[in-house]
Amino acid sequence: MLNKYSILSMFGFVAIMLSSCGPNPEITKEELHDHIDYLSSDSLKGRFPGTPEMELAADYIRNTYTEAGLKLLAEQGLQEFEVTTDISRGENNNLKVGDTIYSAGKDFVPYSFTANKELNAEIVFAGYGFNFNKKGVKWNDFEGIDVKGKWVLMLTGDPEIDSASSIYAAYSGDREKTLTATDAGALGVLLVSGPVMDRRDKLISLHFDKTQGNSGVPVLNIKRKVANEILKNSGFTVADLEEKLNTSRQANSFVIEAQVNGSAEVNQVKVNTHNVLGLIEGTDPVLKDEIIVIGAHYDHLGFGGPESGSRMPDTIAIHNGADDNASGVAAIIEIAEKLAQQDNKRSLLVIAFSAEEMGLLGSKYFVNHPEFDVKQFKAMINLDMVGRMKEDNGILLAGVGTSIEGEAMLKELESVDTSLHFGYSPDGYGPSDHAAFYSEGVPVFFLSTGAHDEYHTPFDDIEKINIEGEKKLSDYSFALTDKLLNMEKSLTYQENDMTDQRKRGRRGFSVTFGIMPDYAGAENSGLRIDGVRNGGPADKAGMKKGDIITAIDGKEIKNIYDYMHRLNTLEKGKTASVDIIRNKEKQILLVQL
Ligand SMILES: [Zn+2]
């Protein structure tokens, strides 16, 4: 597509020549390049939801729809929804020990996963906050000590902080420790770093971790100076206790003679963002009510940073996202442009999704507010990271097993370009926007040229894009979309028969149960299941989409973090009892792991 934005690009001269007569309806390398060039330019600052630059991107995409003759849906093409992008420290952060009042920001800070609550209670020192028994190592900091209704003071880290393979590593996270403490009945948590763990004694900084789920209790990170004051009557300092635990490798918990009055508050920063929707109406009087969806997400990681999804979280720099996913957006624009030139039996809905990187939020919002009846969607094609085709001309194509006819149809389409090689996967779930459609019973096709060294780094730039490959993939995707729009009978949805193949999701969440969790869930009273993998352990146990997991082996699950931590502690071959809520009623299912 050529418009005012591309004038400065390397094809600027041609752009000026052509801009008076609209876009070239063919899929051209120049136009693919121009779209990627603009969307991944530094001027858009990494396309982070809620920023003005993200709105420029939305506007650009909408203009290409209009110029191609698409009908804009929702509000002038923009479907608005709200996402939480950050958290900030609230007003109500207080800490008083005895008569001493400490200062928020200087002496202590709240954790991102704190509950907004207050507690005035006694306090117990509980070591590293461990409670595990694994590979012959047993350590329980809560044995023989009553923490019910009290504050718990714990050290951050573990006795082997420099060892990645340490047995303690799975239990050393602040969030895990808090969960272990609340399991034991604690109603408030203070965490402090010993000098071995952090010589400089830096307070944590607030980072939004993409879930709204909190720990249910106030959780504060405090300075050593404050902890030493709290410990005053015990005769120990934080440094003493850290050394003792590291040397003895066993619990050393005790009641501290001190009264702690503290409260914590964090607030969510919410912004509006948009899916961009355009429609090409079908020309068949009957089949035009059937809709084929083609989509690609247009958001990326902004400037990166901790918890952003960046693989270089310590580097604050524009993450341009040329491949992820300006490439996909460029392709759907070009494909739609070409399809708009011909008569199609079915209708084509073109969607650029926002907030994919934050947990598929845009596609999820869309399937819950679809503008149409979801039953009208006969297939969904998702393009995510399609600009880095390798020398073997490979395309990863997932969703092959989500319709009865899919595999045979794709075999036939291989003749479109015999230089391409396909890596087929039957799976309909996966770490991108098609998953939301598959979970609604829509056959899906997910196309990608795969991950690479620059994936989720500031170096995913246009210079690395294989525009020849992008063109090949776009031509093929055009043929696929054309086929789906104009075939006589639409595809028949089926659940694919994958057993619990362990998928390495981009966000690394475990799927040992074979479920797709709603990891952005707002409830904080359980983990909702967005999908169940056919033939997986959860499926066999009778778990269903929409169920809310509230406990595993009797231990409470409030959110995705609790779930992941509990999964970590389960062993293969055993059976776990899982409490779920279905239709407001509690049930217990047995999952064979
Ligand atoms: Zn990504």
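The values are calculated or read from the model by the stated rules, or taken from the named source; none is laboratory data. This is a predicted model, so every value here is computed, not measured. As a convention, Cβ positions derive from the backbone with ideal geometry for all residues, glycine included, and neighbour counts pool all protein chains shown.
Tell me, yes or no, whether the stretch 123-146 has at least one residue that is closer than 19 Å to Ser205 by Cβ, in contact (Cβ under 8 Å) with a residue 24 or more places away in the chain, of a type outside the set (A, V, I, L, M) and surrounded by fewer than 22 Cβ atoms within 10 Å (Cβ to Cβ).
No, the conditions are met nowhere in the stretch 123-146.
For Ser215, state whether it is outside the structural domain of Ser40 (by TED's automatic domain parsing) and in a loop (DSSP other than H, G, I, E, B).
Criteria met by Ser215.
State yes or no: is Asp343 of a type outside the set (S, T, N, Q), assigned by TED's automatic domain parsing to the domain that holds Gly401 and without any contact (Cβ under 8 Å) to a residue 24 or more places away in the chain?
Spelling it out, it is not the case that Asp343 is of a type outside the set (S, T, N, Q), assigned by TED's automatic domain parsing to the domain that holds Gly401 and without any contact (Cβ under 8 Å) to a residue 24 or more places away in the chain.
Quick one: which strands (runs of 3 or more DSSP E) lie wholly within the stretch 219-303 and hold at least 2 residues that are more than 37 Å from the chain's Cα centre (by Cα) and surrounded by fewer than 20 Cβ atoms within 10 Å (Cβ to Cβ)?
254-263
Give the number of residues within the stretch 530-558 that are touching a residue at least 24 places away in the same chain (Cβ under 8 Å) and farther than 21 Å from Thr182 by Cβ.
The number of residues fulfilling the criteria is 17.
Answer with yes or no whether Glu523 is farther than 26 Å from Gly441 by Cα, at pLDDT below 85 and acidic (Asp, Glu).
It is false that Glu523 is farther than 26 Å from Gly441 by Cα, at pLDDT below 85 and acidic (Asp, Glu).
Quick check on this structure: which one of Ser310, Ser327 is under 30 Å from Lys288 (Cα atoms), touching a Gly at 6+ places or on another chain (Cβ under 7 Å) and assigned by TED's automatic domain parsing to the domain that holds Gly282?
Sole residue among the options that is under 30 Å from Lys288 (Cα atoms), touching a Gly at 6+ places or on another chain (Cβ under 7 Å) and assigned by TED's automatic domain parsing to the domain that holds Gly282: Ser327.
Could you pull out the residue among Gly213, Gly188 that is at pLDDT below 95, surrounded by 20 or more Cβ atoms within 10 Å (Cβ to Cβ) and touching a Phe, Trp or Tyr at 6+ places or on another chain (Cβ under 9 Å)?
Gly213
Does the stretch 275-313 hold any residues that are more than 16 Å from the ligand (Cβ to nearest atom) and at pLDDT below 95, and which are they?
Pro306
Considering every residue within the stretch 137-152, establish whether at least one is touching a helix residue (DSSP H, G or I) at 6+ places or on another chain (Cβ under 6 Å) and modelled with pLDDT of 95 or more.
Looking through the stretch 137-152, at least one residue is touching a helix residue (DSSP H, G or I) at 6+ places or on another chain (Cβ under 6 Å) and modelled with pLDDT of 95 or more.
Counting only residues that are touching a Gly at 6+ places or on another chain (Cβ under 8 Å) and part of a helix (DSSP H, G or I), how many does the stretch 128-170 have?
0
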